[in-house]
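Structure first, then comments.
The values are calculated or read from the model by the stated rules, or taken from the named source; none is laboratory data. Being a predicted model, the structure only gives us computed values, none of them experimental. For neighbour counting, all protein chains shown are included, and Cβ atoms are generated from backbone atoms with ideal geometry for every residue, glycine included. Accessible surface is based on the protein model in full, side chains and every heavy atom, while ligands, DNA and RNA are left aside. Shrake-Rupley method; radii C 1.70, N 1.55, O 1.52, S 1.80 Å.
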Amino acid sequence: MAKYSMVVMTNCAPGTDAEFNDWYDRIHLPDVLRVPGIVAAQRYKLTADQRRTTHPGWGYLAIYEVETRDLKKTFEIMNQEL
């Protein structure tokens, strides 16, 4: 079975971090992890201390571990269910 990493960079609307994180932790992450082939996820938040003079355009980074024989099918299922 092949192993992949799916990298997702996201942002939330200004001032909505608490709501975004609540939705992500309680709803989105469990939904994603139910997709066959998605086996794990880690999420990171970019801090202001890490930023240089320009804003990178995103504030969160998620890395999903994928193990599947058919990557295209895994993404088709994910896109249908989420």
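Within the range 49-59, the only residue that satisfies the criterion of being at pLDDT 70 or above, assigned to a loop (DSSP other than H, G, I, E, B) and exposed (fewer than 12 other Cβ atoms within 10 Å of the Cβ) is GLY57. Of all the criteria given as (1) out of contact with any Leu (no Cβ under 7 Å at 6 or more places or on another chain); (2) surrounded by 13 or more Cβ atoms within 10 Å (Cβ to Cβ), the one not satisfied by ILE27 is (2).
A quick yes/no check of all residues on (1) open to solvent by less than 80 Å² (accessible area, probe 1.4 Å); (2) under 15 Å from THR74 (Cα atoms); (3) assigned to a loop (DSSP other than H, G, I, E, B); (4) modelled with pLDDT of 95 or more:
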site	(1), (2), (3), (4)
MET6	yes, yes, no, yes
GLU19	no, no, no, yes
TRP23	no, no, no, yes
VAL35	yes, yes, yes, yes
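Between TYR4, TYR64, the distinction of being touching a Leu at 6+ places or on another chain (Cβ under 7 Å) and of a type in the set (Ser, Thr, Tyr) belongs to TYR4 only. For ALA40, the conditions (1) open to solvent by less than 70 Å² (accessible area, probe 1.4 Å); (2) in a helix (DSSP H, G or I) are fulfilled apart from (2). Quick one: would you say ALA62 is of a type in the set (A, V, I, L, M) and either surrounded by fewer than 13 Cβ atoms within 10 Å (Cβ to Cβ) or in a loop (DSSP other than H, G, I, E, B) (or both)? No, not satisfied.
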